[in-house]
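Worksheet for the structure shown next.
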Amino acid sequence: MQATADTGLILQRRMLRACRSAARRLKVADSLGTRLTGRELLTRILAARSVLERVLAPDEKMVGVLLPPTAGAAVVNAALALSGRVAVNLNYTASQSILDTCIERARLKHVISSPAFLARVKLEVGDRLLDAGALRNQLTAFDKIMAFVHATVTPLPMLERLLGLESIRPDDVLTVIFTSGSTGDPKGVVLTQENVGSNVRAIDHLLHLSAADVALGVLPFFHSYGYTTTLWTPLTLEPAVVYHTDPRDAQVVGKLAREHHATILMATPTFLRIYTRRTPPEDFSTLEAVFGAAEKLPKEVCDAFEKRFGVRPSEAYGATELSPLVAANVPPARHVPGRPADAREGTVGQPILGCRAKITDREGERELPLGQEGLLWIGGPNVMQGYLDRPDLTAKVIKNGWYCTGDVAVIDREGFITITGRESRFSKIGGEMVPHLTIEEAVNAELGAADGELLAVVTAVPDRAKGERLIVLHLPTSHEPRDIVKRLAQRGLPNLWIPSADSFGEIEEVPVLGAGKLDLKRLGDMARQRFAEEPAT
């Protein structure tokens, strides 16, 4: 299989082989109407590389990309990689100030985008803008002819030498991805060729991908989940990919799935909820493997999605700092008969190929035996090189090659990992660790949430007496907080875990980041604005 045959190859070399292999068949399509075979895709990538080599200074290593997931955005990322440069995909759902911070931290001289797209997302990059449309207009007839010749007939070893790929090493930087800022200030995560490459090999090992597979590319490239699974996985392996610019656009996503006979969907629970409500059942009839990751995948979401589409989502787990995949449950359609069990609902699956997991006490000093709850640490080729220009922050989370996820988990004897909470989603109240997720699930059940929808979220604010105070932010409801509190007690929740009736606040909508995760930072800010104690005078 390709996963083992090309293990030693850097991603760019694997991409050349994958495009040549798919010369006449569809490799990339998008909702803008683009349809490219492997040969056409490689021709466009090589042509784009020629233009970028003329426009960018030889020493300009990092280049910003501010584009939604489309065939064009994939071409730009691949062309930069073939130039040995580092694509920094920027978050177009972030605020202007966060975007400016990311551009400054990566010291970007240029950002490839389009004026029309920038106007739509209401962002500016000033004189750093490299207009993608204007770049296309700089293509000469010679660029196009040479790109076609190299994509079609130039022997691969010669093409690799011409492109200088022999000088690219596994530990060279491939990309910098800024963390979502869901829990604070965005940090630049430096991922190498081997970080992302090891993830791609693991995905192939899990799903046994083939030329018959078509992935739905609805995740943004500024999120490591989208960058690895829907950009580099189809670029370097056999599947085709179909992109759409907005993952919440359920009807267009469904139409693309139906037209292209999509077999694989990588999404978040938030997006799965949207598709369950708004996508016609027949649109997803060809799906074989559906993943819900980036946040906890509730059983109710799986039940509702399976009832509507006939395929049950599998939970996977990762972190930007881990390229991002760490563990996954193998969907039944991809299980190899005769192999040991490789899925267990309620867990996030077993560690991927080459990845190791361990549990320590909350201080991170003592490793705990199997079956005990504690901090989850991950080791392996997917552990980031570090945070951009922040060795201090890197040293806090990486110890002897092991990355501290900040998640609380249990590992069983078969290696299945169960995430029981996130350090940032616990409160220390009266000296006891109180899990927000458990309370959140109970509150949503009392509010009558159906199909895994999120009607309320739990956060906390500082409290002088107890350390922290639990806060419930909820969508408009006729339920009285006093009644909900009473029923939480009837459910058997400990008193310490039950928010007080005056700790409930109504919000218009649950804040979600562009990649589909809860915006924990904004939730915390909203709670503090409404419920924080007045400073003592």
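Laid out as a table, the results:
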| read-out | value |
| --- | --- |
| The range 218-298, accessible area per residue, ligands and nucleic acids excluded (1.4 Å, Å²) | 27 |
| Carbon/sulfur fraction of accessible area - the range 131-261, other protein chains in place, 1.4 Å, % | 58 |
| Value of Rg to Rh for the range 332-404 (Rh from inverse mean 1/r over Cα pairs, i.e. Kirkwood) | 1.06 |
| Accessible area (Å², 1.4 Å probe, nearest 10) - residue 299 | 120 |
| Extension gain (nm, one decimal) between residue 25 and residue 362, 0.36 nm per residue minus Cα-Cα | 116.2 nm |
| Heavy-atom accessible area per residue - the range 92-153, 1.4 Å, Å² | 60 |
| Ellipticity estimate at 222 nm from DSSP helix runs (n ≥ 4, -39,500 (n - 2.57)) divided over the chain, nearest 500 | -10000 deg cm²/dmol |
| Contact order normalised by residue count of the chain, Cα under 8 Å, 6+ apart, percent | 12 |
| The range 402-480: projected area of the alpha-carbon convex hull, averaged over directions, in nm² | 7.8 |
| Percent of Cα-Cα distances greater than 26 Å, calculated over the range 1-141 | 28 |
| Taking N as its residue count, the alpha carbon Rg of the range 302-461 over 2.2 N^0.38 Å | 1.15 |
| Rounded to whole Å, sorted largest first: equivalent-ellipsoid semi-axes of the chain, Cα gyration tensor | 40, 25, 23 |
| Radius of gyration and Dmax over the Cα atoms of the range 256-317, both given in Å | 10.5, 30 |
| Spin-label pair residue 285/residue 258, simplified geometry with 7 Å Cα→Cβ offset, distance in nm | 0.9 |
| Counting all C-alpha pairs of the range 44-105, share separated by more than 15 Å (%) | 52 |
| Range of Cα positions in the range 380-537 per principal axis (Å), largest first | 50, 49, 34 |
| Packing-based order for 226-236, 471-481, using average beta carbon neighbours within 10 Å, highest first | 226-236, 471-481 |
| Per principal axis, descending, Cα span of the range 186-300 in whole Å | 40, 35, 27 |
| Surface accessible to a 1.4 Å probe, per residue, for the residues of the range 355-504, Å² | 48 |
| Cα point-scatterer Debye curve for the range 285-383, base-10 log of I(q)/I(0) at q = 0.10 Å⁻¹ | -0.32 |
| Under 10 Å, Cβ to Cβ, from residue 258 - net charge with Lys/Arg +1 and Asp/Glu -1 | -2 |
| Scattering profile of the range 284-342 at q = 0.16, 0.31 Å⁻¹ [log10 I(q)/I(0), Debye over alpha-carbon scatterers] | -0.57, -1.21 |
| Whole-percent carbon and sulfur share, accessible surface of the range 51-119, 1.4 Å | 58 |
| Only Lys, Arg (+1) and Asp, Glu (-1) charged, at Cβ; the range 93-138 dipole about Cα centre in debye | 120 |
| Euclidean distance of C-alpha centroids, the range 207-248 and the range 308-349, integer Å | 17 |
| Taking the range 35-126 and dividing mean pair separation by its residue count, relative contact order in percent (alpha carbons under 8 Å, at least six apart) | 32 |
| Stokes-Einstein D for the range 88-207, Kirkwood Rh over Cα pairs, 20 °C, 1.002 mPa s (µm²/s) | 122 |
| D (Stokes-Einstein, µm²/s), Kirkwood Cα radius, the range 311-361, 1.002 mPa s at 20 °C | 179 |
| Carbon/sulfur fraction of accessible area - the range 309-445, other protein chains in place, 1.4 Å, % | 52 |
| Sorted peptide list for 450-457, 361-368, 170-177, criterion being average Cβ within 10 angstrom, highest first | 170-177, 450-457, 361-368 |
| Alpha carbon convex hull of the range 231-352, volume per residue in cubic angstrom | 115 |
| For the range 105-148, the fraction of alpha-carbon pairs in successive 10 Å shells from zero, as % | 24, 40, 26, 11 |
| Accessible area of residue 15 in the full protein assembly, 1.4 Å probe (Å², nearest 10) | 0 |
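The values are calculated or read from the model by the stated rules, or taken from the named source; none is laboratory data. Note that this is a predicted model, so its numbers are computed, not measured. Note: ideal-geometry Cβ built from the backbone for every residue, glycine included; neighbour counts use all protein chains shown. Just so you know, the surface numbers come from the protein's heavy atoms only, side chains and all, with ligands and any DNA or RNA stripped out. Shrake-Rupley method; radii C 1.70, N 1.55, O 1.52, S 1.80 Å.
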